[in-house]
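The values are calculated or read from the model by the stated rules, or taken from the named source; none is laboratory data. Fair warning: this is a prediction, and the values are worked out from it, not measured in the lab. FYI the Cβ positions are ideal-geometry reconstructions off the backbone, even for glycines, and counts take in every protein chain you see. Ligands, DNA and RNA are stripped out before the accessible areas are found, and what is left, the full protein with its side chains, is counted by its heavy atoms. Shrake-Rupley method; radii C 1.70, N 1.55, O 1.52, S 1.80 Å.
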Amino acid sequence: MSRKRGLTDEEKLKVESSFYSLLRDGKFVFDLEVLGGKRYGDVFLVGFSVPKRLLLTSAGSFSVADLAKLEFKGREAVRFYKEAVPKLPELTCLFAFKDKPVFVYPYGREPEKWFLVGCYPYFYVLHRSELLKRGRKKLRLHTYSVVYKISLSAFTLFAPYRKELVSLGEPIRGHEAGVWRGELKETTKMVLEEFKERKKSKLLITVALKDGREITGIMRRRTGVKGFFYALSDPEDEKAKVFIFKHAVDDFWVEE
């Protein structure tokens, strides 16, 4: 599986099939959350159809396009670490950031700090822990989360994006898998036209997200519009970047 190019559809299906086989065969128990926030506890995977994008679970059938996350806690988190993590498929993105801090921005919620375990075509595998006190004893509680990219608005590496560059508002509409691709082409075309008309290699842009957030930063023509997200840099520190998923974008404008 090459790291120098994007994965083919066949390779993406192979990665998903490998991961879901691992969950099913290991009989792992997890909490399942769908887009919109509804949660199902103590779920296990019965079967799956990668071509149909469908998971068959003890709580019913779920389209992968409707999933927000699968979460493993307590004993299942420990078992996931011991039995599943060593068998995870090869990372398909963010290779240099494995085991490093990542802040994800769930739809309409504050950023959450995790550590990257795996990055795959449609989801991340993340880990975090907290120290709990029970009398004189201290207990470390681990959580592993399979977070689907469609549920996220943005992410940053190592530290959250500067708060002064992010404003909050009321949600406009939810994220929907697949339907954003047509909008993406039109939005990206308009962004590139702004660069062309202004004859600049970088612009100060504000991106309005569907979850109500507005994020401002420097976008570079060569690197800011690639892949499945728009990259913005803090005007005071261009190494500090936020990566905004294109499926989360509602509008943008150039700051004069």
Note to self: Given the options Leu152, Leu116, name the one that is under 10 Å from the mean Cα position of the chain (by Cα) and open to solvent by less than 20 Å² (accessible area, probe 1.4 Å).
What the structure shows: Leu152
Check: For the range 215-253, which residues satisfy the criterion of being over 18 Å from the mean Cα position of the chain (by Cα) and farther than 20 Å from Val102 by Cβ?
Finding: Thr216, Ile218, Met219, Arg220, Arg221, Arg222, Pro235, Glu236, Asp251, Phe252, Trp253
Margin query: What's the total number of residues in the range 126-149 that are open to solvent by 40 Å² or more (accessible area, probe 1.4 Å), assigned to a strand (DSSP E or B) and out of contact with any helix residue (DSSP H, G or I) (no Cβ under 6 Å at 6 or more places or on another chain)?
Written below: 12
Checklist line | Whichever residue in the range 24-54 is exposed (fewer than 14 other Cβ atoms within 10 Å of the Cβ), without any contact (Cβ under 8 Å) to a residue 40 or more places away in the chain and outside any strand (DSSP E or B) and, among such residues, is nearest to the chain's Cα centre (by Cα) | finding: Gly37
Item checked: Which numbered condition Val102 fails, given (1) open to solvent by less than 40 Å² (accessible area, probe 1.4 Å); (2) outside any loop (DSSP other than H, G, I, E, B); (3) of a type in the set (A, V, I, L, M, F, W, C); (4) farther than 24 Å from Val249 by Cβ -> (4)
Item checked: Residues of the range 1-23 satisfying the condition of being modelled with pLDDT under 90 and open to solvent by 50 Å² or more (accessible area, probe 1.4 Å) -> Met1, Arg3, Lys4, Arg5, Gly6, Thr8, Asp9, Glu10, Leu13, Lys14
Next item on the list: Restricting attention to the range 55-84, report how many residues are surrounded by fewer than 16 Cβ atoms within 10 Å (Cβ to Cβ) and in contact (Cβ under 8 Å) with a residue 40 or more places away in the chain.
Entry: 4
Next item on the list: Just give me the residues in the range 218-234 being open to solvent by less than 60 Å² (accessible area, probe 1.4 Å) and on the phi < 0 side of the Ramachandran plot, in sequence order.
Entry: Ile218, Met219, Gly224, Val225, Tyr230, Ala231, Leu232, Ser233, Asp234
Check: Name the residues in the range 121-171 that are in contact with a His (Cβ under 9 Å, 6 or more places away or on another chain) and either under 21 Å from Ile244 (Cα atoms) or without any contact (Cβ under 8 Å) to a residue 60 or more places away in the chain (or both), would you?
Finding: His127, Arg128, Ser129, Glu130, Ser145, Lys149, Ile150, Ser151, Leu152, Ser153
Checklist line | Residues that are outside any loop (DSSP other than H, G, I, E, B) and crowded, with 17+ Cβ neighbours inside 10 Å, drawn from the range 85-98 | finding: none
Check: Do we have Lys210 as open to solvent by less than 40 Å² (accessible area, probe 1.4 Å), under 18 Å from the mean Cα position of the chain (by Cα) and either closer than 24 Å to Val125 by Cα or of a type outside the set (Phe, Trp, Tyr) (or both) here?
Finding: yes
